[in-house]
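Throughout, read-outs are computed from the coordinates displayed, never taken from laboratory work. These numbers were taken from a predicted model, which means no experiment stands behind them. Neighbour counts run over all protein chains shown; Cβ positions are idealised from the backbone, glycine included.
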Amino acid sequence: MSGPIEGRAPRRGRAGVPAGRLGAAVVGLGGAVATTAVAGVELLRLGVCGRDGLPLAARTDLVPYEDLVFGGWDVSADDLAKAAHLHRVLEPAQIEAVAPQLQRLRPWPAVADSDYCRAVTGANVVAVDGLRERTERIREDLRGFRDRQGLDEVVVVNLASTERLPDPASPALASAEAFEAALDAGDEAVTPSMLYAYAALREGMAYVNFTPSAGAGVPALTLLAERAGVPVAGKDGKTGQTMVKTVLAPALRSRALRVEGWYSTNLLGNRDGQALEDPDSLASKTATKESVLDAVLGYPVEDHKVRIEYYRPRGDEKEAWDNVDLVGFLGRRMQMKIDFLCRDSVLAAPLVLELVRLLAEARRRGERGVQEQFGYFFKAPMTADGNVPEHALHRQERILLDWLDGQDGQDGQDGQDRQDRQDGLDGLHEPARGYAVRSARS
Ligand SMILES: NC(=O)c1ccc[n+]([C@@H]2O[C@H](COP(=O)([O-])OP(=O)(O)OC[C@H]3O[C@@H](n4cnc5c(N)ncnc54)[C@H](O)[C@@H]3O)[C@@H](O)[C@H]2O)c1
């Protein structure tokens with residue numbers, strides 16, 4: 001294998017900032033979200049873009065964005081400058097500004113299986129058949145990345161195209177021992193996203209799944225994460241329509257306005273949309289999008305419908321359209337329409353950057369297993385022991401902030417650092433004025 005090329009970050013040492021170089025090993029490095037995240041960090045390094053969209057920008061106690069080092073796999077071998085041009089998320093001038101850095105980043109050969117993701121394939125794949133051997137290749141890539149770059153910590157991030165879900169009842173996924181045996185036997189219940197997750201855990205690296213694919217979200221791997229003392233989080237980033245839904249639904253519940261039906265349509269023309277043309281991959285996505293409403297409202301909404309249409313002209317500029325049918329006092333009916341003309345990857349990329357910083361912080365604190373406090377970022381938050389997750393955004397934010405504040409008194413930092421954190425906490429709300437978070441803190 002020719003040597004992979006990764007972006008390089010300068011070493012920095014600032015008071016109050018966790019020491020060390022932090023790597024992000026991204027599955028799907030050439031994708032729209034990943035290239036936007038990498039280009040975003042390079043633009044931040046140059047100081048030519050602002051921090052809008054980054055909810056934790058004011059948290060100076062997390063590793064600075066500028067200190068992240070990227071590497072990763074993709075079934076396409078295109079360097080990231082070429083990939084960014086193809087995705088058409090960024091302005092050409094923005095890509096040009098960081099073209100040398102993006103050109104240096106070439107994805108490593110990926111572990112893929114077209115049986116799990118039919119609509120997105122490519123030639124940049126490892127020529128290794130057995131599942132165990134594939135995990136060994138991924139582990140070699142991770143160790144090589146850490147050693148070449150002199151990284152103190154690596155977080156593995158799944159940003160690959162959505163896979164179909166495996167049979168959740170498969171015995172191969174029920175325990176760590178059964179999973180090990182399944183790797184040796186080539187059991188087809190084991191998907192590529194699980195192979196990456198397993199490799200991360202075995203290397204003692206934190207893992208985050210931003211996609212609807214299974215990743216570490218099966219009992220065998222959450223148990224392994226516990227045993228290995230490694231934090232994991234997921235799944236499926238909550239960026240546009242579902243983010244809005246989990247803000248609105250708690251308000252409707254609070255005013256006792258009964259939701260009779262909620263019809264959600266998504267029109268998107270990027271490669272993510274193309275992957276979702278495959279009915280099996282689509283089923284993974286609609287499952288995570290549909291899971292939130294009943295839990296927030298506290299009663300089943302029989303007519304909650306979620307549709308996703310691949311509509312090429314839109315590219316990454318997704319239209320998320322919602323119609324809500326409500327029943328109020330005296331049985332009178334009302335409707336609410338929301339049309340969010342968003343940019344999928346522009347919403348997603350900053351959340352990915354925050355998750356990398358947070359997983360590194362969780363590692364620093366010795367957290368292990370499923371990290372429920374990061375549910376704020378996900379459509380279908382993973383929970384330990386199968387608990388029902390919290391979905392309401394304002395409560396998720398409170399949980400996240402409480403966890404971040406938990407470092408008070410634990411690390412012996414001085415008053416200035418505490419003040420920094422308070423400033424960070426206040427700053428968290430700055431870009432998010434559109435929703436009612438103040439009341440949650442009072
Ligand atoms: N707002 C959002 O954009 C958003 C929100 C939530 C979740 N997600 C999820 O994040 C993921 C990435 O979204 P995107 O818009 O960047 O999609 P994308 O199609 O642009 O990127 C996915 C990348 O994964 C690569 N890939 C496919 N199979 C692979 C494998 N086995 N190993 C390595 N690479 C592989 C593809 O070649 C592609 O470059 C998708 O699963 C999507 O559902 C996105």
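Rounded to the nearest 20 debye, the dipole magnitude of region 241-342 is 440 debye, with +1 charges on Lys and Arg beta carbons, -1 on Asp and Glu beta carbons, and the Cα centre as origin.
Classification of region 131-242 by its C-alpha gyration tensor yields an oblate form. The axis ratio a/c (a ≥ b ≥ c) is 1.5 or more, and b/c is at least a/b.
Cα centroid separation, region 37-63 to region 195-226: 27 Å. Beta-bridge orientation, region 241-342: approximately 70 percent antiparallel, per DSSP, counting only bridges with both partners inside.
Each Cα pair under 8 Å and six or more residues apart adds its sequence gap; the mean of these over the residue count of the chain is a relative contact order of 19 percent.
Dipole orientation for region 241-342: of the candidates Thr246, Leu267, Pro279, Thr246 has the Cα lying most toward the positive pole (charges on Cβ; Lys, Arg +1; Asp, Glu -1). As a proxy for reagent exposure, Lys337, Lys379 were ordered by neighbouring Cβ count within 10 angstrom, fewest first; the result is Lys337, Lys379. Put in order of Cβ neighbour count within 10 Å, fewest first, the listed residues Val296, Val128, Val89 become Val128, Val296, Val89.
Counting neighbouring Cβ atoms within 10 Å and putting the fewest first, the residues Leu131, Leu80, Leu257 line up as Leu257, Leu131, Leu80.
Over all directions, how big on average is the projection of the convex hull of the alpha-carbon atoms in region 241-342, in square nanometres?
6.3 nm²
Based on alpha-carbon centroids, what's the gap between region 290-320 and region 132-165 in Å, whole number please? Cα centroid of region 290-320 versus Cα centroid of region 132-165: 31 Å apart. Model label points for Arg398 and Glu91, set 7 angstrom from Cα along the Cα-to-Cβ axis, are 4.0 nm apart. Pairs over the 25 Å Cα-Cα cut-off, from the set Lys318/Lys379; Lys82/Lys379; Lys82/Lys238: Lys82/Lys379; Lys82/Lys238. Spacing of the modelled spin labels on Asp339 and Tyr311, each 7 Å from Cα toward Cβ, amounts to 1.0 nm. Structural descriptor for region 241-342: relative contact order 38 percent, calculated from alpha carbon pairs under 8 angstrom and at least 6 residues apart. Full extension of the chain segment joining Leu46 with Glu66 gains 6.3 nm, where the gain is 0.36 nm per residue of separation less the Cα-Cα distance.
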